[in-house]
Amino acid sequence: MKRYKVMDLFCGTGGFSKGFENQGEFDVIYGIDLLDSSVDTFKANHPQALGLSGDIRATRRSEVADRLSLLAGDVDVVVGGPPCQGFSSIRPFRSTYDDDPRNDLFEEFAAYVNFFRPHYLVFENVVGLATHKKGSTMDAILDAFDGLGYDVDWRILNSAHFGVPQKRERLIVLGAERGIPIEFPQPTRAGTFKTIGHVEQNRMLRPPESLEGTLFEIDVDPLPHAWTVEEAIGDLPIIASGDEATMYDKPPTNEYQRARRGGSSSLALHSATRHSDRMLEIIRHSGPNIQSIPEHLISSGFSSCYSRLDANTPSTTITVNFVHPASNRCIHPYSDRALTPREGARLQSFDDSFKFLGSRTQIVKQIGNAVPPLLGESLAGSVARSLAGRSAVAN
């Protein structure tokens, strides 16, 4: 079986590329991110890859090629999601091989594509990018890839439809060398969720049952429901505020739990924030939104603050502050505490064996910022099929 080489830009923990690796046909050879602790985590989980920390604009692509002994065309796939602040003043991309410290972060992604000439690219970002500057930013991105010789298409995906127990929407751009087919993955899990949406409904990649009553209605076998919070974390030990568990105390009860455990015999990062007495009083009142909290206990906050997760649905989007109830909806469905880092990692679809390095604060941010590995794995399957089609034509 042919192996495909992957570069992961703005890699964070490497959750995106770990999904590609888990698919079985991809080898991750390179990752770069600004944060040292994130790159330490990337390297711990991709021991054969070159991991670099620092500003991507200060890293010469030619030096990366030399260190990896790469020529143009040796890289099969470039994946990554430039931070969204990099789109504030996007300019038309100039097809240049030169390193330019004035480039914004999207231009760096495009420059890597231009330099290494991968057969395929996968660009991931926030849904709001689709309507940024009334769509002109998205047009500039598509024009840039087209100008580099790639056919491109994009969709908005909900991670819950791809096996992740979390209603996390992302915008995905796929790009392929001219003549290589572009194929998006098909949802494997069912569920109808609130969505940011887009005026072009065909951009929303939904399971067929979500299309009932529309022009696209078709007769299909029903998909299994999206994994819920309870199904994702229900096998983990019940602990109280400030407590920690290092061993499993019950067997897994479903496919998701068994897959995340893998061969793990001990449990890491299942430690709960020690909340103050005042916060515990707030948590005991918590419900689906901030309206459940008596007014005398809080002074302000968004509707999702101080809110409890629903055990019977996929989680809302995990953020970088999911251990602090004042910041977002992250209170355990049953226990009076915020989620533990392990529970957050489960809701992001990380295996329990995935190694996170750094302080607890750094690890929580790594988990919240990550692309769910199962979403990456679904995309990897589609990319592999497209690349196999390319190889068949070449032969």
Low-density loop trypsin sites (Lys or Arg not before Pro), the range 144-196, at most 14 other Cβ within 10 Å, DSSP non-H/G/I/E/B, are Arg178, Lys194
Taking a probe of 1.4 Å and leaving out DNA, RNA and ligands, the range 320-371 shows per residue an accessible area in Å² of 31
The lysines whose Cα lies under 21 Å from the Cα of Lys365, excluding any fewer than 8 residues away in the same chain, are Lys18, Lys43, Lys167, Lys355
Restricted to the chain, the DSSP antiparallel beta bridge percent, nearest 5, is 45
Heavy-atom accessible area of Ser264, protein chains in place, probe 1.4 angstrom, given in Å² to nearest 10, is 30
Of all trypsin sites (Lys or Arg not before Pro) in the range 286-395, the ones in DSSP coil with at most 15 other Cβ atoms within 10 Å are Lys355
Taking the chain and counting helices only, DSSP H stretches of n ≥ 4 at -39,500 (n - 2.57) each over all residues, the nearest-500 ellipticity at 222 nm comes to -8000 deg cm²/dmol
Expected field for Cys11, accessible surface area in Å² at 1.4 Å probe radius, rounded to 10, holds 10
Rounded to whole angstrom, the alpha-carbon centroid of the range 345-378 lies from that of the range 133-207 at a distance of 22
Once phi for every residue in the range 158-166 is put through the Karplus expression 6.51 cos²θ - 1.76 cosθ + 1.60 (θ = phi - 60°), the whole-Hz ³J(HN,Hα) values, with Gly and Pro written as x, are 9, 4, 4, 7, 10, x, 8, x, 7
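Checking understanding here: applying a Kyte-Doolittle mean of at least 0.0 and a length along the axis of at least 27 Å (C-alpha), which whole DSSP H helices in the chain pass? Working shown, then result.
Values: long enough: 373-394 (31 Å, 0.64).
Sorted by number, the helices that extend far enough and score high enough are 373-394.
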The answer for the per residue Cα convex hull volume of the chain, in Å³, is 157
GNM on the chain, Cα springs under 10 Å; top mean-square fluctuation among Leu357, Leu71, Leu374 goes to Leu71
Connecting every pair of Cα atoms under 10 Å apart in the chain and solving the GNM, the largest mean-square fluctuation among Ala272, Ala380, Ala72 falls on Ala72
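What does the convex hull of the alpha-carbon atoms of the range 228-306 project to on average, in nm²? Don't skip to the end; give the middle numbers.
Values: hull surface 25.1 nm².
Convex hull of Cα atoms, orientation-averaged projection: 6.3 nm².
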Over all directions, the range 266-392 yields a Cα convex hull whose mean projected area in nm² is 10.1
Across Ala384, Ala58, Ala311, the residue with the highest GNM fluctuation in the chain (Cα network, 10 Å cutoff) is Ala58
Karplus ³J(HN,Hα) for the range 336-352 (6.51 cos²θ - 1.76 cosθ + 1.60, θ = phi - 60°; Hz, whole; x = Gly/Pro) runs 8, 5, 6, 4, 8, x, 5, 5, x, 5, 4, 5, 8, 6, 6, 5, 5
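So for Arg117, Arg258, what's the accessible-area order with a 1.4 Å probe, most first?
Arg258, Arg117
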Rounded to the nearest 10 Å², the 1.4 Å probe accessible area of Tyr334 is 130
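The values are calculated or read from the model by the stated rules, or taken from the named source; none is laboratory data. What you see is a predicted model; the values in this text were computed from it and never measured. In this analysis, Cβ positions are derived from the backbone assuming ideal geometry, glycine residues included, and neighbour counts consider all displayed protein chains. Heads up: the accessible areas ignore ligands, DNA and RNA and are worked out on the full protein's heavy atoms, side chains in. Shrake-Rupley method; radii C 1.70, N 1.55, O 1.52, S 1.80 Å.
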